[in-house]
Structure formats: C-alpha cells, structure tokens
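Undergrad: Below is one structure. I have some questions about it.
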Amino acid sequence: MSDITIHQPSAEFVKQANVSGMAAYEALCKKAETDYEGFWAEQARELLSWKTPFTKVLDESNAPFFKWFEDGTLNASYNCLDRNIEKGLGDKTAIIFEADGGEVTKATYSQLLAKTCQYANALKSVGVKKGDRVMIYISMSIEGVAAMQACARIGATHSVVFGGFSAQSLRDRVEDTGAVAIITADQQVRGGKHLPLKAIVDEALTLGGCDSVKNVLVVNRTGGDIAMTAGRDQWMADLADKQATTCEPEWVGAEHPLFLLYTSGSTGKPKGVQHSTGGYLLHAALTTKWTFDLKDNDVFWCTADIGWVTGHTYITYGPLALGGTEIVFEGVPTYPDAGRFWKMIQDHKVSIFYTAPTAIRSLIKAAEANDAVHPKSYDLSSLRLLGSVGEPINPAAWEWYYKHVGGSRCPIVDTFWQTETGGHMITPLPGVTPMVPGSCTLPFPGIQAAVVDEAGHDMPNGQGGILVVKRPWPSMIRTIWNDPERFIKSYYPEEFKGKYYLAGDGAIRDEKTGYFTITGRIDDVLNVSGHRMGTMEIESALVSCTELVAEAAVVGRPDDTTGEAICAFVVLKRSRPTGDEAKAIAKILRDHVGKEIGPIAKPKDIRFGDNLPKTRSGKIMRRLLRSLAKNEAITQDTSTLENPAILDQLTDNH
Ligand code: WT7
C-alpha cells in the first residue's frame, strides 16, 4: 500500500477533540486491555444515569449469552430526555425536522419529553406493558422518534420496520415478535409522492398470524384517505392529546430488551436481533461522543432512516443521550433536486454529517452533470466532521466527499459496524487517526477486533482473513429473538470454539499501519445501497411465484452506484422466454419480489435459463453464476459441471 494517500486531521480539530491525539487513543486502548471491565464500567458510570447502580460488569457464565451491568437498573428515555432537562437543556432544540416538502418543525427537549410521555401513557391506556413488543411502521418524523422513546419509557420492546418493506415482510415480523400493538401513520411522503403506510398495515394484518395485535395507533401525516377498523384502530392524537405530559419511567434491568431489529442472514428468514438497554445505550452515547466528537453547539445529521440500526443508534438514542441537536429528514436526497443535502446543511448550519457511500456516489454523478446541485454552489462552511457508513467507501468517492463536501478541512470517519454490533466497531476517531481512503482504520477503544483464519488463528497483517471480535462488548447482540440456536450458529460457531464473535465479513490489515479494510461479506448476504439482503431471502421470494418459477438463484455483482446489484437466474415452469416476452416476465417477477419483501429487494438483472449450472450431485455452482453476473469470462474449472451448455444461455447477450 505504498501509493496510498494519508490525510491527517488538522491541528485545529485535534486540539478541540473529545479524544485528542494518538497518545490519548492508545491510553484508552491500553486501559481497556489491562482492565477490560473497569474500562467499560467507568464509561457506563460517566455517560449513563442509573436508578440502581450496577455492581457486576460482565457476566460470561452463560457464554455466548453475555450479560453486562446486569444488576443495574435504568431507563433509556429518562437518559435521553429527562436527564438533559434536569441539566438545564429543556429549551434546547433536540430535533429539527424537515419534511419532504421543506417545512421545518422543531422540538425542544421539553417538548420531545412531553410528546414521549403522552405516547407512553397512550400505550399504557390500551394495555401495553413492560416486556410487550410494539411494532413501529412509520416514516422519518418527530413522532417516530417519540414512539420509540415512548416504548422505552414503559419498558415495551420496540421493533421498527422500515417503511419500504412490504405487507408480507411486516406480517412476518409481527408474527415473530408477537407484537400487541402497531404504531404507524396514515401515509408517508417521499420525493413529492404520498405512499401508503396504514393500508400496508391493514394488508399485513389480513395475511394471518397477527392475532397478537390488539391496537393500531395512527399518526396523522397527510390526512390521506384510509380505513379504520373499529375496536382496533385509533388516531394517535385522539388518544395521546388527552394524556398527561408526564409519565414515570419504568426502571428496567440493564439487560432488558430495548428493541428487536430484523436483519438478513444467509438463510431465508430475517433474524430478530435483540439489543439490551444498558450496554446498548452506553455504546450509542460513547461512540457519539468519541467518533462523532459531539459537542453542545453542534448540529448533527445522520441521514439514515429510523427503520435501520443506524437510525436507532445515531438518531433516536446516541445524540439525544448526549443532549445534542439533530436533524430528522423525511425526504430523499434527490428531491426536489440532488442539491437537497447541501441545501439542508447550509440552511440548518449542520456541523456533523453522516451518510452512506451509495448516496455520495449518486450525488457525485448529479453534481458532475449540473453545477447547480454541486456542493460548491452552497455554503457548507458549518461542517466540521463527515461520516460514512453501511458499505465500503471507494477511494474516489472518499476523496470527492473530503474535498467538495468537507472543503478538505473535515475529517471523515468511515465507520464499520453492523445491526448486531449496536454501534461503531472499527472507525477512525476524528481527532486521532490519520485517514486512508477506503479503510475503516482502527478498532474503537475497547473493541478487540482481529483477522483470523478458518481455525480461528490470527492472520499476519497483509493477509486477508475473517473478521472477528475476541471479547464481548456492551452493545453486542444478545440473542436472536425466538431462536437462540441460530444466534450461536450465526455468531459463535464451533470453528472458533464459541470463542470469537464472527462478523460475517472478510478483512485485511495493512502491513505497516495495521489498518483494517473490509473486503466484503463471507456469507450469502448482499449489500445493495447499504441495505442488507440475503440471497436466499430473494430466492424464496422468487420461487414463491409458484405459477411461473421452478427454480431461482440470486447472486450479487458490483455496481458503480449501489455497491452491489442483485442478479437473479431463473428457471421457469414453462419454456425459456426471450425478447419482449422475457422483459415482460422479468417485470412480473420484480413486482412479485417487491410485494414479498419490498422494492429494495427487486433484482436489477433477471436472466432466464432452461436450467442452472449444477454439479452432478445437483448443487448450484454459484461461483459460476457470480462470473456470469459480472459478464466476465469463465476461467474456473467447469469439469464438475453437469450441463456446460447452460452457461451460454445464461450469458447476458442483449
Ligand atoms: C454490514 C452490516 C452498520 C450500519 C449499517 C449497516 C457492511 C457497514 C461498513 C463500512 C465496509 C461496511 C458490512 C457489515 N458495512 N459499514 N464502514 N465499511 N463495510 O448495517 O445492515 O447490519 O450491515 O454492512 O458488510 O457486515 P447492516
């Protein structure tokens, strides 16, 4: 890696940083190494308010079901709201909400607490209690954040489903959680269009398996025409407006499940990742403080949706736990034009901006075609720190982001983490780490990340391997809801003797610097525009179109904008279509996948064959499909292939 560019954080940034200089970082790492539990306990005492202080830090007796701060009690919403008001921040703006159409609404900490309490009391009034699961299917809004905080306040476990998921996906999650209530909105507004939410909830609840749901509470967003089922559905405002604006927090044990969030794995069914209250909130707050260097006068903007873990940790919990001011944005980066992000940074004087490489890449394209939406046409001088998340950022996009958005002045934190990790794992600290574009650099203090071989032995730097975490950390996944066996199999498989957390990614460390670069998933998980999807999940959706599809195999291929693109190889029950007919059937299948999972899972390419490339024992040769998807010449050994002629058919020759 001799031709790499290294970008140093400016002396000015380093001077003011919450963690300032490499020596400070090394001291924190050293402290964590010599006294692991003491390191985390100190942070947990400093950053969180406990109703009952914990006396135990880490309990490894039932590994890999680790427990942190188990005998301590606390409440997440108390920590995010009341505590800041007690510190005198009641009139400080917590959330600046900008709607799709540009209207701005603000909520102070006092106002957000009042709304949270009214929602909490509303939930209680319909019988929701501690330990119940509540689904939230809502777009980006102050109400969405308040709904999550309200669940936390009464000890109900929330499970947010991204508004782009279909009725079928929502149904599957409702059934798996056994949720007693759903909080939704009439509609959502994105890119100038009104899209259904409540109607999709209605559909999900007719698909069966959702008898646990007794109440649907509907936030009025658009006033659009929706149906209300008597005895089950109510307008949230009708119920909440008459509630008290105070609500005693339910003090829960640190291990109490704060939320379940479904994510894709290598088998068909999404897994309900269970997070704790104490350990999760600690890491949310600590990473916001150290990675994002959040200060009292910052305006923080994480562009993720609250339907993903990034929105949980860096919208609903982390910035609020530190008393910060943050943006919540309803719309999309390209509406009314591709200058929307830059205009919002200018208008709200955003100082810390956190987004995904896929968004940056699409905005680069737009900016290069049209000066009016280029960052140079906006005043971005309020920015002091940039972040990236969700997928590897290619060096060219990194350099553009650094130069044109950050004015070559703002450090970029390329944060590697996962739904399961709860918060950042490997990331530069902005006042510490010399940055190398495309590398997420070094582990967050206390995180024992390593690259190992299949037997769990450390790989020397410069040689790629499997990314693991050697010690449990506070915000780690606790289990997979309803499936502890799958938790063990997915994350603590026997190869590592149950010792190390297996991230599911490959990684390589630089020979000289020891910096980590993520080399991509080592399982059948795709990353499309930063959205995680299982190939088997998409295959199941395709074959569920039983009248048409006999067999399907899905692989990823590189894509300039979305990182990876979904490529499906399909065998139909009828003869192989060509030309316009193939196009028409591909559209039917795409729409079918959209209905089964959601629009984000629609394959970009669909190719038809009389069969799939298989070994004599009938196993699909996916590595060949991956080459075909990339349109690269087949150089692999095909001698075990039973039907070599099929390769020609599956080659893209349109
Ligand atoms: C997978 C996790 C964590 C928030 C959003 C995604 C990939 C994530 C990076 C990064 C390279 C990254 C990994 C990981 N990923 N961040 N900075 N550099 N790859 O959460 O949906 O759970 O996906 O996203 O492959 O395993 P997620």
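The values are calculated or read from the model by the stated rules, or taken from the named source; none is laboratory data. The model shown is predicted, which means the values in this text are computed figures rather than measured ones. In this analysis, Cβ positions are derived from the backbone assuming ideal geometry, glycine residues included, and neighbour counts consider all displayed protein chains.
Undergrad: Hey, can you tell me all the residues within the range 525-542 that are in a loop (DSSP other than H, G, I, E, B) and within 8 Å of the ligand (Cβ to nearest atom)?
TA: 530, the sole residue that qualifies.
Undergrad: Pick out the one residue from 381, 377, 408 that is without any contact (Cβ under 8 Å) to a residue 12 or more places away in the chain, polar (S, T, N, Q), more than 16 Å from the ligand (Cβ to nearest atom) and more than 30 Å from residue 470 (Cα to Cα).
TA: Exactly one of 381, 377, 408 is without any contact (Cβ under 8 Å) to a residue 12 or more places away in the chain, polar (S, T, N, Q), more than 16 Å from the ligand (Cβ to nearest atom) and more than 30 Å from residue 470 (Cα to Cα), namely 408.
Undergrad: Of these, 601, 629, 586, which one is crowded, with 17+ Cβ neighbours inside 10 Å, closer than 22 Å to residue 522 by Cβ and out of contact with any Cys (no Cβ under 7 Å at 6 or more places or on another chain)?
TA: It is 601.
Undergrad: Considering each of 464, 422, 431, 456 in turn, give the residue that is within 17 Å of residue 313 (Cβ to Cβ) and of a type outside the set (A, V, I, L, M, F, W, C).
TA: Testing whether each residue is within 17 Å of residue 313 (Cβ to Cβ) and of a type outside the set (A, V, I, L, M, F, W, C) leaves just 422.
For (1) assigned to a strand (DSSP E or B); (2) buried (at least 20 other Cβ atoms within 10 Å of the Cβ); (3) near the ligand (Cβ under 9 Å from one of its atoms), each residue gets a yes or a no:
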residue: 403; (1), (2), (3): no, no, no
residue: 420; (1), (2), (3): no, yes, yes
residue: 423; (1), (2), (3): no, yes, yes
residue: 430; (1), (2), (3): no, yes, no
residue: 445; (1), (2), (3): no, yes, no
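Undergrad: Continuing with the same structure: Pairs, please: C-beta under 7 Å, at least 6 apart or cross-chain, first residue under 11 Å from residue 419 (Cα atoms) and among the hydrophobic types (A, V, I, L, M, F, W, C) and in the range 255-279, second in a loop (DSSP other than H, G, I, E, B) and within 16 Å of the ligand (Cβ to nearest atom)?
TA: Pairs found: 260/481; 273/477.
Undergrad: Give 115, 124, 129 a once-over and let me know the one that is at negative phi and either outside any helix (DSSP H, G or I) or surrounded by fewer than 14 Cβ atoms within 10 Å (Cβ to Cβ) (or both).
TA: Of the residues listed, the single one that is at negative phi and either outside any helix (DSSP H, G or I) or surrounded by fewer than 14 Cβ atoms within 10 Å (Cβ to Cβ) (or both) is 129.
Undergrad: Just checking, does the range 211-226 include any residue being within 16 Å of the ligand (Cβ to nearest atom) and either part of a loop (DSSP other than H, G, I, E, B) or out of contact with any Pro (no Cβ under 9 Å at 6 or more places or on another chain) (or both)?
TA: Taking every residue of the range 211-226 in turn, none turns out to be within 16 Å of the ligand (Cβ to nearest atom) and either part of a loop (DSSP other than H, G, I, E, B) or out of contact with any Pro (no Cβ under 9 Å at 6 or more places or on another chain) (or both).
Undergrad: A further question on this structure: Out of the range 266-302, which residues are of a type outside the set (S, T, N, Q), out of contact with any Leu (no Cβ under 8 Å at 6 or more places or on another chain) and surrounded by fewer than 24 Cβ atoms within 10 Å (Cβ to Cβ)?
TA: Those that are of a type outside the set (S, T, N, Q), out of contact with any Leu (no Cβ under 8 Å at 6 or more places or on another chain) and surrounded by fewer than 24 Cβ atoms within 10 Å (Cβ to Cβ): 268, 269, 270, 295, 296, 298, 299.
Undergrad: Quick one: which residue in 310, 334, 325 is within 16 Å of the ligand (Cβ to nearest atom) and among the polar types (S, T, N, Q)?
TA: 310
Undergrad: Residues that are at pLDDT below 95: find the strands (runs of 3 or more DSSP E) completely inside the range 545-639 holding 1 or more of those.
TA: By residue number, 549-559, 563-572.
Undergrad: Can you tell me which residue within the range 233-270, out of those that are of a type in the set (D, E, K, R) and either modelled with pLDDT under 95 or under 30 Å from residue 41 (Cβ atoms) (or both), is farthest from the ligand (Cβ to nearest atom)?
TA: Once the filter is applied, the top-ranked residue is 248.
Undergrad: Considering the range 505-524 alone, what residues qualify as being modelled with pLDDT of 95 or more and either within 9 Å of the ligand (Cβ to nearest atom) or within 26 Å of residue 559 (Cα to Cα) (or both)?
TA: 505, 506, 507, 508, 509, 510, 515, 516, 517, 518 - these are the residues of the range 505-524 that are modelled with pLDDT of 95 or more and either within 9 Å of the ligand (Cβ to nearest atom) or within 26 Å of residue 559 (Cα to Cα) (or both).
Undergrad: Could you tell me which numbered condition residue 292 fails, if it satisfies all but one of (1) within 16 Å of the ligand (Cβ to nearest atom); (2) assigned to a loop (DSSP other than H, G, I, E, B); (3) under 24 Å from residue 179 (Cβ atoms)?
TA: Only one criterion in (1) within 16 Å of the ligand (Cβ to nearest atom); (2) assigned to a loop (DSSP other than H, G, I, E, B); (3) under 24 Å from residue 179 (Cβ atoms) is unmet by residue 292, namely (3).
Undergrad: Take the residues of the range 447-478 that are away from the ligand (no atom under 16 Å from the Cβ) and of a type in the set (S, T, N, Q): which is farthest from residue 270 (Cα to Cα)?
TA: Looking at residues that are away from the ligand (no atom under 16 Å from the Cβ) and of a type in the set (S, T, N, Q), I get 461.
Undergrad: Hey, does the range 92-112 have a residue that's surrounded by 24 or more Cβ atoms within 10 Å (Cβ to Cβ) and more than 20 Å from residue 311 (Cβ to Cβ)?
TA: no
Undergrad: Give the residue, chosen from 41, 94, that is in contact with a Gly (Cβ under 9 Å, 6 or more places away or on another chain) and not in a loop (DSSP other than H, G, I, E, B).
TA: 94
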